[in-house]
Amino acid sequence: MKNIFFILITLFLSGQVLYGQLNNRVHIWGEVKNPGVYELPAGTSIVDLISVAGGPTGYADLCKIQITHRNEKINIEKINLSKYLGKGNIKSLYIIEDGDVIRIPQNWWYKWRTMITVAADIAIIANVYYWYKNSR
């Protein structure tokens, strides 16, 4: 009995048990407003996690979310959250597990915008060089 009491006190102090509920420690990276480590109750969905992290940014690609499970073996899974958001498909709503690492990648618009910015910068440098060369 003394050992069980010691285990419960240890779990409570370490943050693993809150009012008899287990918490999952998960990492979320990428295109959310507040990436980081979160401790959420067991049974929390990926939509809830993204909401707690401040929601997706304007450049988030919700079709290619990558989830890495750290069980006995590392398992990488890709999910399409847009199916759930667009059609309410409950099968595509993923429930997070303890130790999951969720990465939300950038969408094509961010990549396209970056390429346009680089091309514009190169054009400006070329124009300055051309102007400098011809003004001598």
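The values are calculated or read from the model by the stated rules, or taken from the named source; none is laboratory data. All values derive from a computational prediction rather than experimental measurement. Virtual Cβ from ideal backbone geometry, glycine too; neighbours counted across all protein chains shown.
Within the stretch 32-47, the set of residues being polar (S, T, N, Q) and free of Cβ contacts under 8 Å to residues at least 40 places away in the same chain comprises just one member, 34. Suppose we keep only residues that are among the polar types (S, T, N, Q) and more than 12 Å from the chain's Cα centre (by Cα) within the stretch 29-85. Which one would you say is nearest to residue 99 (Cα to Cα)? Only one residue fits best here, namely 71.
Taking the criterion of being polar (S, T, N, Q), surrounded by 13 or more Cβ atoms within 10 Å (Cβ to Cβ) and either modelled with pLDDT of 80 or more or part of a strand (DSSP E or B) (or both), the residues of the stretch 70-115 that qualify are 80, 82, 106, 107.
A search for C-beta distances below 8 Å between a residue of the stretch 93-122 that is assigned by TED's automatic domain parsing to the domain that holds residue 74 and in contact (Cβ under 8 Å) with a residue 40 or more places away in the chain and any residue that is part of a helix (DSSP H, G or I) and among the hydroxyl-bearing types (Ser, Thr, Tyr), counting only pairs 6+ apart in sequence or on different chains, returns 93/84. Restricting attention to the stretch 1-45, the residues that are at pLDDT 55 or above, among the aliphatic types (A, V, I, L, M) and loosely packed, with under 11 Cβ neighbours inside 10 Å add up to 1.
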